[in-house]
1. Do we have any residue at all in region 322-329 that's buried (at least 16 other Cβ atoms within 10 Å of the Cβ), among the aliphatic types (A, V, I, L, M), out of contact with any Phe, Trp or Tyr (no Cβ under 8 Å at 6 or more places or on another chain) and not in a strand (DSSP E or B)?
2. So, in region 233-258, exactly how many residues are more than 10 Å from PRO205 (Cα to Cα) and not hydrophobic (A, V, I, L, M, F, W, C)?
3. Outside any strand (DSSP E or B) and free of Cβ contacts under 8 Å to residues at least 24 places away in the same chain - does that describe any residue in region 243-251?
4. Mind telling me which of the residues VAL299, VAL283 ends up being touching a Lys or Arg at 6+ places or on another chain (Cβ under 9 Å), among the aliphatic types (A, V, I, L, M), at pLDDT 85 or above and over 26 Å from LYS217 (Cβ atoms)?
5. Taking region 169-214 only, how many residues are within 20 Å of the chain's Cα centre (by Cα) and touching a residue at least 24 places away in the same chain (Cβ under 8 Å)?
6. Quick check on my filter: what residues within region 295-317 are part of a strand (DSSP E or B) and either in contact (Cβ under 8 Å) with a residue 24 or more places away in the chain or outside the structural domain of ALA341 (by TED's automatic domain parsing) (or both)?
7. May I ask you to list pairs of residues, at least six apart or on different chains, whose Cβ atoms are under 6 Å apart, with the first in region 98-119 being in contact (Cβ under 8 Å) with a residue 40 or more places away in the chain and the second being part of a helix (DSSP H, G or I) and surrounded by 13 or more Cβ atoms within 10 Å (Cβ to Cβ)?
8. Inside region 75-99, can you point out the residues that are touching a strand residue (DSSP E or B) at 6+ places or on another chain (Cβ under 6 Å) and among the acidic types (Asp, Glu)?
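The values are calculated or read from the model by the stated rules, or taken from the named source; none is laboratory data. Source: prediction; values computed, not measured. Positions of Cβ are backbone-derived with ideal geometry, glycine not excepted, and every protein chain shown enters the neighbour counts.
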Amino acid sequence: MFRKILLCVALTAGLSWAGAALAAPEALATSPVLSAGAQPSSGFDGVVEAVRQTVVAAQVAGAVTALDVKAGDSVKAGQVLARIDARAAEQNVSASAAQVQSANALLDVARKDFERQKQLFEKQYISQAALERAESQFKATQAQAASMLAQAGAARTQSGFYVVRAPFAGVVADVPVALGDMAMPGRALLTLYEPGALRVTAAVPQTALPQPVQGVKVEFPGLPEAQRWFAPTRVQVLPTVDAGTHTVQLRIDLTAGAAGVAPGMFARVWLPAVQGASNRLYVPASSIVRRAEMTGVYVVDAKGTPMLRQVRLGRLSGDTVEVLAGVSVGERVALDPQSAAHLNQVPK
């Protein structure tokens, strides 16, 4: 009697397990592989850049003693932006000026002496050798005076490096230093850009670049609807292709004075679809499985059995991702790869 009870319990458990195994494929959530068709245009992420932008750096060492501008200020060409402690440079300029005065005085004495020696030679009171020695002394003193004058000019030029001026009219984008900071040759003091000349730069795959490049539009999703779209004035395709991503750099010049647009802003570049482009396949992003260097999805067959299949992915668009190879339209993929993997390991 006890053996019959055990047998009934075992049969009941076995039937329950079998029922769960059969019901599991039905409980696995799936989604079909969708085809969006060939799109009339394709969007690519881009960023706004200033055509004319420079990082103004220090040319000499010294403490920053004055900052006359801040981020967001508009400046004119030649306007003073910052000052660096120039006391040592000013003393060098004064010393060089004194040396020039001394050299000029010696030059004046040498000139007068040479003139007297020439007069004496004309009256045959001195020899030719004495005249040549006087001429040589005059020329040496003259060269020394010229050298002192050049050194004074270099000192004045060096002192000018302690006053930082704007190289062109523009807007101050960033001031990474503060009063009292130590300026060193090559250290950035501020960033300046010209707001009237902006462009959008985007990396576009070779296969998505129409030939010729026409009908390009630029969208700024962060701006109001009335200011979101811009027509480019010029489109430039750089002649090189990135070997890693196989993309081409696209530069799109914007109209002067684009309202609300600033360097670093996100933009979307819309290009007409390439002629003969095939339909695009999409799957939910949650169905993607990544294991080491393998990317795949669990494809569920008609019997409800999930099978891992390697795929090649394209661009991510919201909650879906484009599949370039590995699946076909109408096939169903598991939305929960972890449950599909567990189900795939259950004994048949």
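1. Taking every residue of region 322-329 in turn, at least one turns out to be buried (at least 16 other Cβ atoms within 10 Å of the Cβ), among the aliphatic types (A, V, I, L, M), out of contact with any Phe, Trp or Tyr (no Cβ under 8 Å at 6 or more places or on another chain) and not in a strand (DSSP E or B).
2. Here the count works out to 10.
3. Keep residues of region 243-251 that are outside any strand (DSSP E or B), which gives 243-246.
Then drop every residue that is not free of Cβ contacts under 8 Å to residues at least 24 places away in the same chain, which leaves 243-244.
For region 243-251, residues outside any strand (DSSP E or B) and free of Cβ contacts under 8 Å to residues at least 24 places away in the same chain: present.
4. Details: VAL283 fails: touching a Lys or Arg at 6+ places or on another chain (Cβ under 9 Å).
When all the criteria are applied, what remains is VAL299.
5. First, the residues of region 169-214 that are within 20 Å of the chain's Cα centre (by Cα): 170-176, 186-205.
Next, from what is left, pick out any that are touching a residue at least 24 places away in the same chain (Cβ under 8 Å): 170-175, 186-205.
Qualifying residue count for the region: 26.
6. Residues satisfying the conditions are GLY296, VAL297, TYR298, VAL299, VAL300, PRO306, MET307, LEU308, LEU313, GLY314, LEU316, SER317.
7. Qualifying pairs under 6 Å: GLN99/MET148; VAL100/MET148; VAL100/LEU149; VAL100/ALA152; ALA103/GLN144; ALA103/ALA145; ALA103/MET148; ASN104/ALA145.
8. ASP85
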